[in-house]
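Worksheet: the structure to be examined is printed underneath.
The values are calculated or read from the model by the stated rules, or taken from the named source; none is laboratory data. All figures in this text were calculated on a predicted structure; none of them were measured in a lab. Neighbour counts run over all protein chains shown; Cβ positions are idealised from the backbone, glycine included. Accessible surface areas use protein heavy atoms only, side chains included; no ligands, DNA or RNA. Shrake-Rupley method; radii C 1.70, N 1.55, O 1.52, S 1.80 Å.
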Amino acid sequence: MKNILYVAETDAQRLKKINASALRFARELADRYGGELIAVLLGAQAARFASELACFAVDKVVTLSEASLDAELAGELSSACVGLAEAYDARFLVTPSSTRGKDFMPRVAAKLEAAMLSDCIGMADEDGAFRRPIWASKIVEVLQTHSERVCFSVRHTAFEPLPQDNEAAPIESFTFSPEGDGARFVRFDAVQSARPDLTDAEVVVSGGRGLKNEEGFKLVETFADLLGGAVGATRGAVDAGFCPNDYQVGQTGKIVAPQVYFAFGISGAIQHLAGMKSSKLIIAINKNGDEPIFKVADYGLVDDIFKSLPVLIDAVKAAKQE
Amino acid sequence: MKILVTVRQVPDLDARVLLSDDGSEIETDGAEPKINYFDEVAVERAVRFKEAGEADELVAVCIGASEATKELRAALAMGVDRAILVEADEAELDPSAVSQILEAVVRREQPQMVLMGKLGVDFENTQVPQMLAARMGWPQATFAFSVEMQGEDRVVVGREVDGGSSYLDLPLPAIISADLRLNEPRLRNVLAVVKAKNKPLEQLEADDLDVEPKALLSTLRYELPDEREAGIVVASVEELIEKLRTEARLF
Ligand SMILES: Cc1cc2nc3c(=O)[nH]c(=O)nc-3n(C[C@H](O)[C@H](O)[C@H](O)COP(=O)(O)OP(=O)(O)OC[C@H]3O[C@@H](n4cnc5c(N)ncnc54)[C@H](O)[C@@H]3O)c2cc1C
Ligand SMILES: Nc1ncnc2c1ncn2[C@@H]1O[C@H](COP(=O)(O)O)[C@@H](O)[C@H]1O
């Protein structure tokens with residue numbers, strides 16, 4: 001067992017951006033432990049994104065064009081990964097820690113008798129040891145693996161994206177019929193949005209319960225749209241019905257690390273901080289200066305959001321007209 | 001239908017944490033441990049199945065220290081019928097070992113559905129339900145925000161996934177892990193807590209189940225991540241706009 005198998009993530013339109021960061025970790029594994037880095041695309045459209053994936057620093061791209069994988073059922077996905085791991089002599093299996101990766105990769109690990117590291121943020125000095133955040137990212141755990149194969153889901157915010165400027169690696173196709181476990185796909189209700197994806201956006205504007213209601217939350221959306229950013233939210237705002245739950249940032253929502261993160265009317269509960277505190281620049285507005293959000297904010301403003309946010313919005317509009 | 005629900009005891013995340021000098025242990029400021037919130041949500045779903053006449057027996061299981069009987073009693077107080085504690089030192093287990101013990105419990109109890117939490121809020125592994133499903137060869141639905149029976153032997157699960165909601169139709173037996181919005185767990189009233197004291201709680205060891213759990217991971221140490229440098233509090237929205245324009249060059 002020697003190679004590194006990277007399982008890429010796509011949606012109907014594209015190779016997701018998080019791959020570039022998760023691939024950085026896979027590349028580091030190959031550089032340290034040897035073996036080829038083999039990037040895999042699964043699903044009917046697999047071949048469509050192959051040439052794009054081949055330009056990262058990978059040694060090979062393998063496509064498994066099987067329509068039964070499009071529903072992203074854990075049974076079929078894990079069966080395919082086990083087939084690939086055996087055919088390509090994989091020692092390490094890596095995928096982003098999206099909901100898809102977190103759903104299928106532990107199932108692969110159990111089938112391969114492999115140790116599984118969720119949300120891995122890097123290697124440790126010791127051979128076969130790795131790092132991951134725990135306790136809502138208050139602590140880092142360093143773990144030793146005791147298995148021949150190791151599976152990972154990678155926290156993409158911990159890695160700089162790998163450049164996509166390499167000479168294209170060879171592409172080959174693999175034939176395999178994945179077996180399911182009886183689960184049937186019914187339907188997928190997509191959250192429709194013209195905004196960038198929360199996990200890829202350069203700017204994220206998030207609102208909390210301080211926005212009072214759906215109407216108030218619109219201010220957050222307006223500001224995000226002016227900056228071309230994504231909209232995020234706290235569990236408080238989601239549960240109060242201000243926005244869809246897909247917007248939730250935090251321990252049990254999305255983990256983001258944009259260039260700029262705005263936290264409006266957000267208290268800064270540990271579960272929320274876990275999802276955004278790796279952002280490069282954090283700006284918080286809250287009327288209560290004692291809230292924990294100010295402990296992570298680079299710029300904090302103690303003020304009523306309904307007074308200050310409209311002023312900010314006007315300032316951006318004015319700047320755009322200049 | 002018989003439902004097995006899994007329950008874990010977890011520390012209070014809001015407590016201040018310290019690491020021992022050699023980084024081998026996490027110390028909390030004497031805060032009360034509690035039931036893992038996602039497991040509480042799973043228990044609530046199971047109890048509602050029973051109230052609706054769709055389940056007839058609910059069994060809760062925990063693998064952990066004897067102190068965790070407190071969390072099993074909490075599940076009994078919510079409406080679970082009986083509980084099993086498989087005594088073990090969690091520090092010596094990993095998700096793989098836990099899933100091996102749970103497999104033995106599932107083979108003994110033969111439930112039609114296993115309801116679990118999507119993750120433990122302390123270690124956030126998000127692995128045990130999926131590993132258990134793989135071991136049993138059963139279908140899985142993780143991150144459930146809705147779980148509804150479809151006739152006698154199928155269940156439709158709505159899942160919170162990136163970009164929207166995904167719906168799966170699973171044949172039973174199946175493994176389901178609960179997300180935050182599946183329900184609001186009920187409060188446990190005094191009477192229910194008293195009654196729960198008389199419900200059966202069996203204490204076992206892995207040996208009694210004929211399993212020798214093998215952990216594939218062990219903790220070398222804990223570390224504290226780098227703290228963010230303290231920022232500044234600006235005096236006015238005008239000053240903030242100035243900073244955003246000149247320093248962050250945002251607009
Ligand atoms: C198991 C579990 C998992 C969780 N996972 C997550 C998660 O993934 N993400 C998450 O976000 N939360 C999560 N939570 C919830 C978390 O603990 C907090 O309850 C939540 O983040 C609070 O949201 P909030 O900041 O919007 O609301 P609040 O804490 O109520 O804060 C509202 C803030 O708005 C301010 N405010 C009010 N009015 C104004 C005004 N006019 N102008 C300016 N400021 C104002 C207040 O001062 C306050 O600070 C989780 C909780 C549990 C138990
Ligand atoms: N020691 C344990 N005893 C019982 N259930 C557990 C145990 N560990 C994990 N689980 C279950 O698996 C879910 C996911 O846990 P984890 O994979 O550890 O994040 C939890 O919410 C529990 O329902």
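Looking only at segment B:29-82, filter to residues that are basic (Lys, Arg) and in contact with a helix residue (DSSP H, G or I) (Cβ under 9 Å, 6 or more places away or on another chain); which one of those is farthest from residue B:183 (Cα to Cα)?
B:82
Would you check which residues across segment A:65-87 are surrounded by fewer than 20 Cβ atoms within 10 Å (Cβ to Cβ) and within 25 Å of residue A:166 (Cα to Cα) and list them?
The answer is A:65, and nothing else.
Is there a residue being of a type in the set (Gly, Ala, Ser), more than 16 Å from ligand 1 (Cβ to nearest atom) and within 14 Å of chain A (Cβ to nearest Cβ) anywhere in segment B:45-52?
no
Mind checking which residues of segment A:275-288 are under 25 Å from residue B:12 (Cα atoms) and either part of a loop (DSSP other than H, G, I, E, B) or touching a Pro at 6+ places or on another chain (Cβ under 8 Å) (or both)?
A:277, A:278, A:288
Filtering segment B:66-89 down to residues that are of a type in the set (Asp, Glu) and touching a residue at least 40 places away in the same chain (Cβ under 8 Å), which residue is surrounded by the most Cβ atoms within 10 Å (Cβ to Cβ)?
B:71
Consider residue B:111 carefully, then state whether it is more than 27 Å from residue A:141 (Cα to Cα), away from ligand 1 (no atom under 16 Å from the Cβ), touching a strand residue (DSSP E or B) at 6+ places or on another chain (Cβ under 6 Å) and facing chain A (nearest Cβ under 8 Å).
no
Taking into account only those residues within segment B:119-143 that are among the hydrophobic types (A, V, I, L, M, F, W, C) and touching a residue at least 40 places away in the same chain (Cβ under 8 Å), which is surrounded by the most Cβ atoms within 10 Å (Cβ to Cβ)?
Checking each candidate, the answer is B:133.
Within the set of pairs 6+ apart or on separate chains, which have a first residue in segment B:218-239 that is over 30 Å from residue B:93 (Cβ atoms), a second that is hydrophobic (A, V, I, L, M, F, W, C), and C-beta atoms under 6 Å apart?
If the second residue must be hydrophobic (A, V, I, L, M, F, W, C), the pairs left are B:228/A:296; B:231/A:297; B:234/A:301; B:234/B:240; B:237/A:311.
Quick check on residue A:143: is it within 16 Å of ligand 2 (Cβ to nearest atom), in contact with a Lys or Arg (Cβ under 6 Å, 6 or more places away or on another chain) and either within 9 Å of chain B (Cβ to nearest Cβ) or open to solvent by 10 Å² or more (accessible area, probe 1.4 Å) (or both)?
Here the answer is no, as residue A:143 does not meet what is asked.
For a quick check of your reading: which strands (runs of 3 or more DSSP E) sit entirely within segment B:174-251 and have at least 1 residues that are within 27 Å of residue A:235 (Cα to Cα)?
Qualifying strands (runs of 3 or more DSSP E): B:174-178, B:232-234.
Hey, any hits in segment A:259-271 for a residue that's open to solvent by 30 Å² or more (accessible area, probe 1.4 Å), within 7 Å of ligand 1 (Cβ to nearest atom) and more than 9 Å from every other protein chain (Cβ to nearest Cβ)?
yes
Mind listing just one residue for me: the one in segment A:229-241 that is over 19 Å from residue B:163 (Cβ atoms) and not in a helix (DSSP H, G or I) and, of those, farthest from ligand 1 (Cβ to nearest atom)?
The extreme case among them is A:241.
Considering segment A:272-314 alone, what residues qualify as being farther than 28 Å from residue A:137 by Cβ, open to solvent by less than 20 Å² (accessible area, probe 1.4 Å) and at the interface with chain B (Cβ under 7 Å from one of its Cβ atoms)?
Those that are farther than 28 Å from residue A:137 by Cβ, open to solvent by less than 20 Å² (accessible area, probe 1.4 Å) and at the interface with chain B (Cβ under 7 Å from one of its Cβ atoms): A:308, A:312.
Which one is nearest to ligand 1 (Cβ to nearest atom), of the residues in segment A:202-218 that are open to solvent by 50 Å² or more (accessible area, probe 1.4 Å) and of a type outside the set (Asp, Glu)?
Looking at residues that are open to solvent by 50 Å² or more (accessible area, probe 1.4 Å) and of a type outside the set (Asp, Glu), I get A:209.
Have a look at A:81, A:120 and point out the one that is more than 7 Å from chain B (Cβ to nearest Cβ) and touching a Leu at 6+ places or on another chain (Cβ under 8 Å).
Going through A:81, A:120 in turn, the sole match is A:81.
Among B:242, B:229, which is open to solvent by 30 Å² or more (accessible area, probe 1.4 Å) and at the interface with chain A (Cβ under 9 Å from one of its Cβ atoms)?
It is B:229.
What's the number of the condition residue A:221 fails, among (1) more than 10 Å from ligand 1 (Cβ to nearest atom); (2) facing chain B (nearest Cβ under 10 Å); (3) open to solvent by 30 Å² or more (accessible area, probe 1.4 Å)?
(2)
Need pairs with beta-carbon distance below 6 Å; first residue charged (D, E, K, R) and within segment B:174-198, second assigned to a loop (DSSP other than H, G, I, E, B); sequence gap 6+ or separate chains.
Here the result reads B:179/B:118, each pair linking segment B:174-198 to a residue that is assigned to a loop (DSSP other than H, G, I, E, B).
Would you point out the residue of segment A:224-258, among those that are more than 17 Å from the chain's Cα centre (by Cα) and among the charged types (D, E, K, R), that is farthest from the other protein chains (Cβ to nearest Cβ)?
My answer is A:225.
State all residues of segment B:1-25 that are charged (D, E, K, R) and within 28 Å of residue B:54 (Cα to Cα); if no residue qualifies, say none.
Within segment B:1-25, B:2, B:8 qualify.
Search segment A:197-244 for residues being closer than 22 Å to residue B:245 by Cβ and among the polar types (S, T, N, Q), and hand back the single one that is farthest from ligand 2 (Cβ to nearest atom).
Filtering first and then ranking leaves A:222.
Please specify each residue of segment B:169-179 satisfying the condition of being out of contact with any helix residue (DSSP H, G or I) (no Cβ under 6 Å at 6 or more places or on another chain) and either modelled with pLDDT under 95 or open to solvent by less than 10 Å² (accessible area, probe 1.4 Å) (or both).
B:170, B:174, B:176, B:179
Does at least one position in segment B:199-206 carry a residue that is open to solvent by 40 Å² or more (accessible area, probe 1.4 Å), within 14 Å of chain A (Cβ to nearest Cβ) and in contact (Cβ under 8 Å) with a residue 24 or more places away in the chain?
Taking every residue of segment B:199-206 in turn, none turns out to be open to solvent by 40 Å² or more (accessible area, probe 1.4 Å), within 14 Å of chain A (Cβ to nearest Cβ) and in contact (Cβ under 8 Å) with a residue 24 or more places away in the chain.
With the structure loaded, tell me whether residue B:155 is surrounded by 18 or more Cβ atoms within 10 Å (Cβ to Cβ), among the β-branched types (Val, Ile, Thr) and either within 16 Å of ligand 1 (Cβ to nearest atom) or within 24 Å of residue B:73 (Cβ to Cβ) (or both) or whether it fails that test.
Against the criterion (surrounded by 18 or more Cβ atoms within 10 Å (Cβ to Cβ), among the β-branched types (Val, Ile, Thr) and either within 16 Å of ligand 1 (Cβ to nearest atom) or within 24 Å of residue B:73 (Cβ to Cβ) (or both)), residue B:155 does not qualify.
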